[in-house]
Amino acid sequence: MYKTANTIRMLQILYSGGVVKKRDLAQELETNERNIREYKKELIMAGYDILEHKGRNGGLQLDSASIIPAARLNREQTDAFLEARDLVHTHSSFASMKEFDQAVEKLFSSVVPSPEEDDAILYLSRRRRDPRQTSTLHMEVCRRGIREKKRLKLLYRRRDGRMQEYLVEPYQVFYSQEAYYLFADKVEQGKTAGGNWRCFRFSPTRLQSVTLTEERFVPFTDVSLEQNLAEYGFVKTPNTKYQVRVRKEAEHLFRESDWGDDLRAVSQDEEWIRYTFHRDEKEGLFNQLLEFGPTVILESPADQQQEFKDRISALVEAYGS
């Protein structure tokens, strides 16, 4: 019964959208990461398509197309709707303008995006809310600008309440801290773009309109999106390097867990394999080490190794006879 309940809860979490790290799933389900693999198998057997992404922002994702009927438009169809909307807006005498806009917004709010597209939304944290319908339409225009490498005109309300128009070169639509943003290079009047990076929030009170221009641009190929977003506080950059010793018979379970960033094997002997990785918190790591017991041993950094030993000693003393 416990396994069934947790499997259903995991489905509900994944249904909220985006990519969810196995570590986050384990914490929310109050279980260990090894059980997440079993819950995933149960969902796949039940007919749900569970996608697994590797890398820094990797984790599990539920393919929403396998759950409920939803509009699945290709790029040409998406662009056709946007062009039709622009065309309708050139006719001010069109009496049903408001209703037409609402219909288009409803359509785009139900579209299932493909995570493989080069203009796909980047999720830096687990999605907890869907965008407003007006924001969804603005996001589609921005994604078209990214695909076609065309500049955008944004009418944006500044923090002081004043409205200002920006000309930008769009690079990425992303989600972080329960909101959607556009990462773009702001073009100064009469100048070419040159690394003037800005993040614009998709919000009905902030972003008033997005217009696709015919001005094309050549995107910078050496832009570090992660580094720029870290400067804005959207990405936490792990700065602690850990080294652990893993028994060979437990390596397959070890590698299925999310230990942090840049996980790599550095040496091995007959019984053990040493791994290094970077991580920005230790409480979750300590819990993982306890779950793996003597099969995964923390070797460095020395101060955290000693702290972990002290905790184990305190547990032994507390539960000893």
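The values are calculated or read from the model by the stated rules, or taken from the named source; none is laboratory data. Everything numeric here is computed off the predicted structure, so don't read it as measured data. We place every Cβ from the backbone using ideal geometry, glycine too, and count neighbours over all the protein chains shown.
Within the stretch 132-153, the presence of at least one residue that is touching a helix residue (DSSP H, G or I) at 6+ places or on another chain (Cβ under 7 Å), acidic (D, E) and either over 22 Å from K98 (Cβ atoms) or modelled with pLDDT under 90 (or both) is confirmed. Answer yes or no: is there a residue in the stretch 301-308 that is assigned to a strand (DSSP E or B), in contact with a helix residue (DSSP H, G or I) (Cβ under 8 Å, 6 or more places away or on another chain) and not β-branched (V, I, T). No, there is no match, as no residue in the stretch 301-308 is assigned to a strand (DSSP E or B), in contact with a helix residue (DSSP H, G or I) (Cβ under 8 Å, 6 or more places away or on another chain) and not β-branched (V, I, T). Exactly one residue out of L285, L298 is within 30 Å of the chain's Cα centre (by Cα) and assigned to a strand (DSSP E or B): that is L298.
Considered as a group, the residues in the stretch 243-282 that are of a type in the set (G, A, S) and exposed (fewer than 14 other Cβ atoms within 10 Å of the Cβ) include one that is farthest from the chain's Cα centre (by Cα), and that residue is S267. The set of residues in the stretch 226-257 being touching a strand residue (DSSP E or B) at 6+ places or on another chain (Cβ under 6 Å) and at pLDDT below 80 consists of N228, Y232, F234, P238. All conditions in (1) more than 30 Å from S209 (Cβ to Cβ); (2) acidic (D, E); (3) modelled with pLDDT under 65 hold for D49, with the sole exception of (3).
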